[in-house]
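J.: Sharing a structure with you now.
What follows draws every value from the coordinates through simple rules; no lab data is involved. Here the structure is a predicted model, which is why all the values come from computation and not from measurement. All Cβ positions, even for glycine, are placed from backbone atoms using ideal geometry, and neighbour counts span all protein chains on display.
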Amino acid sequence: MNKEQESSFAMNLKVRNFNEKNAVALAVVPAVVPFFATVKTKISELILADAGGRSDVSGHAIAKSRTRETLEGQALKISNALASYAVVNNDYVLQKRADFPKSAWYKFSEEELVTQATIVKNLAVPLSANLVAFGATAAEVTAIATTINSFTDIISNPSLAMDQRKNDNERVVVVLDEIRTILTEKLDVLMRSFEVNNPNLYSLYLSARAIDINGSMMKPTVIAELAPAALKTVHTALTYNPDTFYTVQNLGTESVFFSLSAVENTAGAEEVMLNTGETRSRLAENLAPFGTFLMVRNPSTIPGNVKIWVE
């Protein structure tokens, strides 16, 4: 999410939190209940889309690159063994089919690499016992088959991951707009029923609907300094409350991660990445099913700084 989207998201979470804390009073006007429930569902969709939209796809490319390197090395070793066997046994057809220079394996496209490595593997299988004397064991002949399968499976992973990330980012825009429509066209109108009969409740709703750049109008609960390559407990709640509203602003120059943990000085199972200058808000239940320790991890070698709001 960009800064504007994150501010809207923080407002949506406040509206959802307002509903949870005032459910009994709101039930006086039954028509508002299903719309608040829809907003809650859409917020869950938004969190999933945001997580997917921020996923790091570099790991897929690295995995493909390393698998290709492994396959190139295995194919070169077995093809060399086959060529040597062919020379000794005057098998010119085999030599022609199996003899590839080292540079050829590096220059093959992904599809060509799979095809040629498969040809080499098929030629080597019936001769595996004979290739030991030429530097390729039977286990290595078996291993190349596994690597071919792995490489075939992984070829499209980076592009698929990037497509999924693109779709998730597009989904963020769509879901935010769906929530905005529910709020402006439905709840904002229905909530006026409380303007006279319960002005305090109506005022709380308007406060929840306000959007501000930090995600919170309150003075920060905590301003924390983060040591390089360190994990820090920045806030401890007395008890776990799924409706506790956390807002974290990254004032540092490097990305940090925050999470909610049941164990002090231990990161929670689900960490939320916060890039430099960003502000993110999460309800406790969207961070963890239990836990009272709000943790911030600074993986960089540079000190960091965060502001924390707890509502």
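J.: Estimate the FRET efficiency between GLU20 and THR301 by the formula 1/(1 + (r/R0)^6), using the beta-carbon distance for r and 35 Å for R0, to the nearest 0.05. Walk me through the numbers before you get to the answer.
T.: Values: r = 41 Å, r/R0 = 1.16.
Efficiency computed from Cβ-Cβ geometry: 0.30.
J.: Let me ask you something else. For the ranges 266-275, 77-86, 250-259, what's the packing order if you count other beta-carbon atoms within 10 Å of each residue, average per peptide, and put the highest first?
T.: Final packing ranking: 77-86, 250-259, 266-275.
J.: Which FRET efficiency value, to the nearest 0.05, do you get for PHE290 and ALA230 by plugging their Cβ-Cβ distance into 1/(1 + (r/R0)^6) with R0 = 25 Å?
T.: The calculated FRET efficiency here is 0.55.
J.: Exposure proxy check: ASP50, ASP91, ASP188 ranked by fewest other beta carbons within 10 Å?
T.: If I rank by nearby Cβ atoms, fewest first, I get ASP188, ASP91, ASP50.
J.: With springs only between Cα atoms under 10 Å, which of TYR106, TYR240, TYR202 fluctuates most in a Gaussian network model of the chain?
T.: Among TYR106, TYR240, TYR202, the largest GNM mean-square fluctuation belongs to TYR106.
J.: In addition: List, in the order given, every pair from LYS21/LYS186; LYS21/LYS166; LYS40/LYS64; LYS166/LYS219; LYS64/LYS307; LYS14/LYS166 whose Cα-Cα distance in the structure shown is over 29 Å.
T.: Flagged as over cut-off: LYS21/LYS166; LYS40/LYS64; LYS166/LYS219; LYS64/LYS307.
J.: Then there is this: With charges set only on the Cβ (+1 for Lys and Arg, -1 for Asp and Glu), what does the dipole of the chain come to about its Cα centre, in debye to the nearest 20?
T.: About 120 debye.
J.: While we're here: Full extension from SER44 to GLU270: what is 0.36 nm times the residue separation minus their Cα-Cα distance, to one decimal in nm? Display every interim value, and only then the final one.
T.: Values: separation 226, 0.36 × 226 = 81.36 nm, distance 1.46 nm.
Separation in residues times 0.36 nm, less the Cα-Cα distance, equals 79.9 nm.
J.: Mind checking which of ALA224, ALA237, ALA49 has the largest fluctuation in a GNM of the chain, springs on alpha carbons under 10 Å?
T.: Its mean-square fluctuation being the largest, the pick is ALA237.
J.: Related question: Tell me, in nm to one decimal, what length is gained between ALA129 and ALA262 on full extension, where the rule is 0.36 nm per residue of separation less the Cα-Cα distance?
T.: 42.2 nm
J.: Per residue of the chain, what 222 nm ellipticity follows from adding -39500 (n - 2.57) for every DSSP H run with n ≥ 4, rounded to the nearest 500?
T.: -17000 deg cm²/dmol
J.: Related question: Hey, if you put +1 on the Cβ of every Lys and Arg and -1 on every Asp and Glu Cβ in the chain, which of LEU127, LEU294, LEU13 ends up farthest toward the positive end of that dipole?
T.: Highest projection toward the positive end goes to LEU127.
J.: Pick from ALA25, ALA210, ALA133: which residue has the top mean-square fluctuation in a GNM of the chain where Cα pairs under 10 Å get a spring?
T.: Largest GNM mean-square fluctuation: ALA133.
J.: A further question follows. For the chain, what is the Kirkwood estimate of the hydrodynamic radius, computed as the reciprocal of the mean inverse distance between distinct Cα atoms, to one decimal in Å? Spell out each step's value before the answer.
T.: Values: mean 1/r = 0.0423 Å⁻¹.
By the Kirkwood definition, the hydrodynamic radius is 23.6 Å.
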